[in-house]
Every structure is written in C-alpha cells, then in structure tokens.
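Below you'll find the structure, written out as structure tokens, and then a few comments.
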Amino acid sequence: MPSKARASTGGSAQPKSNTPPKSSTPSKSPSRPGAPGDSGSRTPATPDAPVAGVGPAGLPVSSAPGTPPAAVPATRPGLATPTGSARITTLLSRGEGEGLPLERQPAWFAGPTRREHDLLGEREVPADAYWGIHTLRALENYPITGVPISSYPDLIRALACVKQAAAITNHELGKLGRQPTRAIVQTCEEIRRGMWHEQFVVDVIQGGAGTSTNMNANEVIANRGLEHLGKPKGAYQFLHPLEHVNLSQSTNDVYPTALKVGLTFALGGLLEAMAGLKEAFARKAVEFREVIKLGRTQLQDAVPMTLGQEFSAFALMVEEDAMRIREAIDLIREINLGATAIGTRITAPPGYAPLVRDHLSELTGLNLVTASNLVEATQDTGSFVQLSGVLKRFACKLSKICNDLRLLSSGPYAGLNEINLPDRAAGSSIMPGKVNPIIPEVVNQVAFAVIGNDVTVSFASEGGQLQLNAFEPIIAYSLFRSITHLRNACRTLTVNCVEGITANVERLRDFVENSLALATILVPEIGYEKATLLAREARETGRRISDLVLEKGWTSRERLAELLHPQTVVSSRVVFTSSF
C-alpha cells in the first residue's frame, strides 16, 4: 500500500510543520517530464533557483501584451495505457461507473495515491494528478457531456491570466510572499503556453456557477507550483489552492472574468475566419462583374443583375456582422474582478480591483474596464446574451447565403444550374454520378446549432436569481461552441466551396433573355403600357420579349443590346467601407 500525503484544500487552518508531508513513490508508469525526481526537461526548480520568466522580486518578465510566451508542446502522459489520473478522467468522460462511490472502484486507481480533504471529508487522489479533491468530486458529480473544459484552450489561458494577475496584485499589496508568487506566476506562464491543459478535466456543464472550474485551476496551479518550489504535490502548507492561488478572489468574479477574456480570445479566431470568407466572396464579385443574370424575389423572376452584384452582397453581409461582433466585444471588456462573492469586495484588500484589472489588461493585451457597480456586474449576464444574439444573427445570414448557393447550383439538369460548386465527395450510395452541396449543407447545420445555443443562453440568463447567476457554465459552453463552430464553418466554406465556384455564363444570359423580366428594363425606353403589352403577349405566345419589341419596331437591336449590357444593369456598385 503506497504511503499517503495528508493535505487540505478545505480552507480550514492546518497544523504548521517544517517537514513536508510524504508523497507516494511513483509506480512504473510512463514518466512525466517535470515530475518529482524526474530527469526530464521540466525538473522542478529549488526555492532559491532562478525561475524562468520571473524577475528578482518574484514577478514575471512579461511578454509583449497579449502575446503568450513561445509555445511549448503540452505533454499528455498515459494516453496509451491510462493509469492514475489519466484513467479516472477517461472513465468518467465515458460515463463509466456512474452512481457508484469512487472508493468502491479500486481499478480506477491503478497506481499510487495521495490523501486530501475538504469540507466533506477525506479522499484518495491519484498521486500523479495535478488536480485535487475538489476536482475529483466534480468528476464524480458531473459526468454530463464528456467534454472537459480543456476542450476550450482559450478559457484555460484566460484562467491562467486571471490567476497570474491576482498573484502579482496580492504580492504588490503585501498579501502574498515572494516564494508563492514566483511559483504561481511561473505555472501560469506555462499554462498560457499550452502546458498542463490536460489537467483541466472537469466537465463543461457543472453546478456551482463555475466553482469546479475555478477549483480545478487552483489545484493545478498549486500542485505544479509546489514542484517549482521543490515540494511534492499535495504539500499545501507551502502553496495552497485556496489560501494562496485563490487569494482575494471568488469563483463569482474569477469565472465570469476568465469567461469574458477567453471569449475575446476565441472571437479573434472567428473574426479572422470571417475576414477570409468575406475576401473570397469579394474576389468572386470581381470575377463575375460582367456576368449578367436574372434576379429573383419570392423565388419568381424579378429583374436582371450581375452575378458579381450577388456575390458582393454576400461579402458585405459577412463584413457587417464582423462589425457587430466587434461591438459585442466592447461590451464584454467590462469585468467584475475584485467583486469577490457578490460584489461587495469582501476579503479583497483596498485597491485590489483596479490594480488586478491593470495587470490582467497587460497580460492579455485587452483594454479591460472594471464595472462601476460590482454588485450589478456580478449578477448581470446581459453582455453574454448580446454576444449570443450577434452570433445568432451571423449564423442566420450565413445560412441564408448557403441556401442561395444550394439553390443557384441546383440541378444540374433539372434545377437552376447557374453556378457550379466544387465537387467535394461522391453524393450517393445508390445514385451513380450524384454530387451534393455538402459544404453549404454543413454550414446550414452549424447555423441551426448556433440558434439553439442562443436559446440556451437566453434561458440561462433569465434563470439567475438575486446576487448571482448559477448557470454561467452552460452559457460558457454554448458561446464557445457557437464561436468554434462558426469559425470552422467559415473556414471550410471559404476553402472547400467559395474559392472554387464557377459560373455557367450562357445559361445565366439565356435566363435573362427568355424572361418576362426584360419588360422591366424596357419601361424607361417604351413606357409601362407598351412593356405590359409585350409581357402579356410573350406569356401567351411563349415568344421572347426581345423578338417582340424588335418586331414592333419600338426599339433597335443596338439599343436593346445596350440595355442588356452588364454596365447598364449594374446601376450601383458596393463599396466596402471597413476592413477586418
């Protein structure tokens, strides 16, 4: 039976000791660089050794604002044969063992353990896990989606930024010593570079208003920080998840602040993908500027236009929604960090809120603003509703564009067949030669999901009570899914569809010349009454309006050709007034 280190994360006082608790001796499992006693590249620093990225005062040597340090690949130990923390995470994500107490499933702990305790009692935690007892309880309580919070790296990076800013602020205000500050800062820098994300294991949907996410972050930072101090995991008398990492904080200000920062990071990727899609449509607008076609209203023939005008409208629709997203980002710049539990700043020292905001702004490169009324800001989720609504707006317009692409390419023999979409896959298991518009179809489905996510955000926002909204985790999950899906949809629509679209020029022109819509073009030339007579005769006889107007001598062939020239049809040009 491996030896066990007694540790506490319950926030209660514990006996002081000059001797660190004993930790388990690792079993012969895949080695983890940086683990105690390991000779890999992440050997923990001793307390007095220089710490990379941390200055003499225990504060970070910051990167350029908003730019995380150079990427270091995250290790993912135990993926081949999950044991210890890797195994428990894998099993819980599959929903295995639901409803059974963890103590009755010893196979989940196929390795050494350490003992931790919280308000509810003591539990065994896998010795190799950087998370602790609070995260363990969350794993047991919330086997909901099988999607861990690490699935959204922008949220994990944002949590690290918040914890790093808080540690620096507490140090400057005399609340946190140099050694724990150094350890927290270095660990947060590592997490911002992409390391240790696999240790953020709690489910994205959870009770407690995000408490489990905050606890997961506190425990990972504390245990990795202990290694930087040369101490074993669980030796919380040296670096405590709550007393040090969570100092001057509450889940109720950490979680919404990290959510807003993480969403802003994620929205940057969406805006970049939207820019690529807009440019692709704009290039097609130029390519098709001389291609005349028939416009339609209510699926009926309307008046001539150019295919370039149609695609320029698509480009502008995307561009306009990018502007709306930027406006929504301005709303989520307002944070409540420093509000602590309900906005009264209880347990936070004087001057903490503005100072931690400044440090967080520096770390993220974002111009963050502290809310003027922290009690209101702690319970208000209106900015999330606004953002979700803007994402839904873009999803609806993007889906409409894809509907148009599917209609315009329908056929090819019994449909409109005005444009050709790139062939991306065989379309049928029974009909040889069939090719379907699969890229617009998948984007349609993304839009449906985003609309559903918006409904979820609306209900979750409405469901808050009194001084806190307990449903921010489902808001977070819904928004991150919408952003991620829209970003990926824009990318595949750009690369796998729009860039390869071609026009069937002759068919487009035939539609115009054989349509009653030609009568509308002739109104300024021959008057409404004569144009109506032409339209009626063409409908009754099946003859073309162009033949009838020439036969009656109401205009010349040269003038008719001039009226049908694309430059005449294009009465206005779309100008893009903003850029991504």
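Observations on the structure shown:
- Selection over the stretch 166-192 of residues that are outside any helix (DSSP H, G or I) and not aliphatic (A, V, I, L, M) gives a count of 3.
- Some residue of the stretch 275-285 being within 30 Å of LEU516 (Cβ to Cβ), open to solvent by 10 Å² or more (accessible area, probe 1.4 Å) and in contact (Cβ under 8 Å) with a residue 24 or more places away in the chain: yes
Here is a yes/no grid of residues against (1) at pLDDT 90 or above; (2) under 24 Å from the mean Cα position of the chain (by Cα):
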site	(1), (2)
GLU418	yes, no
PRO422	yes, no
MET431	no, no
GLU441	yes, yes
ASN444	yes, yes
VAL455	yes, yes
GLN467	no, no
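- Test: GLY308 is in contact (Cβ under 8 Å) with a residue 40 or more places away in the chain, crowded, with 16+ Cβ neighbours inside 10 Å and closer than 30 Å to ILE521 by Cβ: yes
Each row is one residue, and each column tells you yes or no for (1) within 23 Å of ASP358 (Cα to Cα); (2) of a type in the set (Lys, Arg); (3) out of contact with any Lys or Arg (no Cβ under 9 Å at 6 or more places or on another chain).
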site: LEU159; (1), (2), (3): yes, no, yes
site: VAL162; (1), (2), (3): yes, no, yes
site: GLU172; (1), (2), (3): yes, no, yes
site: ILE184; (1), (2), (3): yes, no, no
site: ASP203; (1), (2), (3): no, no, yes
site: THR211; (1), (2), (3): no, no, yes
site: ASN218; (1), (2), (3): yes, no, no
site: LEU239; (1), (2), (3): no, no, no
site: GLU243; (1), (2), (3): yes, no, yes
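- Residues within the stretch 456-496 that are hydrophobic (A, V, I, L, M, F, W, C) and either more than 18 Å from ALA328 (Cβ to Cβ) or not assigned by the TED database to the domain that holds SER388 (or both), tallied: 9
- Subset of the stretch 207-233 (residues that are outside any helix (DSSP H, G or I) and at pLDDT 95 or above): LEU229, GLY230, LYS231, PRO232, LYS233
- Failed condition for PRO412, given (1) modelled with pLDDT under 95; (2) assigned to a helix (DSSP H, G or I); (3) of a type outside the set (A, V, I, L, M, F, W, C): (2)
- Checked against the criterion of being assigned by the TED database to the domain that holds LEU387, touching a Ser or Thr at 6+ places or on another chain (Cβ under 7 Å) and among the β-branched types (Val, Ile, Thr), the candidates THR297, THR347, THR306 yield just one match: THR347.
- Within the stretch 391-400, the residues that satisfy the criterion of being surrounded by fewer than 22 Cβ atoms within 10 Å (Cβ to Cβ) and over 16 Å from TYR477 (Cα atoms) are ARG393, CYS396, LYS397, SER399, LYS400.
- When the stretch 484-511 is filtered for residues that are closer than 20 Å to PRO412 by Cα, open to solvent by 30 Å² or more (accessible area, probe 1.4 Å) and touching a residue at least 40 places away in the same chain (Cβ under 8 Å), the ones remaining, listed by number, are ASN496, GLU499, GLY500, THR502, ASN504, VAL505, ARG507, ARG509, PHE511.
Conditions (1) buried (at least 24 other Cβ atoms within 10 Å of the Cβ); (2) over 23 Å from GLY338 (Cα atoms); (3) under 22 Å from the mean Cα position of the chain (by Cα), marked per residue:
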position	(1), (2), (3)
ILE133	yes, yes, no
ILE156	yes, no, yes
ALA160	yes, no, yes
LEU173	no, no, no
THR181	yes, no, no
ILE184	yes, no, no
GLY194	no, yes, yes
ASN216	yes, no, yes
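- The set of residues in the stretch 343-369 that are open to solvent by less than 70 Å² (accessible area, probe 1.4 Å) and over 30 Å from ALA273 (Cα atoms) comprises GLY343, ALA348, PRO349, GLY351, TYR352, ALA353, PRO354, LEU355, VAL356.
- Tallying residues that are within 34 Å of the chain's Cα centre (by Cα) and among the β-branched types (Val, Ile, Thr) within the stretch 109-131 yields 1.
- Scanning the stretch 143-154 turns up at least one residue that is closer than 24 Å to GLU243 by Cβ, within 20 Å of the chain's Cα centre (by Cα) and in contact (Cβ under 8 Å) with a residue 60 or more places away in the chain.
- If you go through the stretch 512-571 and pick out every residue that is of a type outside the set (A, V, I, L, M, F, W, C), under 11 Å from PRO304 (Cβ atoms) and either part of a helix (DSSP H, G or I) or open to solvent by 20 Å² or more (accessible area, probe 1.4 Å) (or both), you end up with 6.
The values are calculated or read from the model by the stated rules, or taken from the named source; none is laboratory data. Remember, it's a predicted structure, so these values are computed and weren't measured experimentally. No Cβ is skipped: glycine too gets one built from the backbone with ideal geometry, and neighbour counts run over all protein chains shown. Protein only, heavy atoms only, side chains kept; ligands, DNA and RNA dropped before computing areas. Shrake-Rupley method; radii C 1.70, N 1.55, O 1.52, S 1.80 Å.
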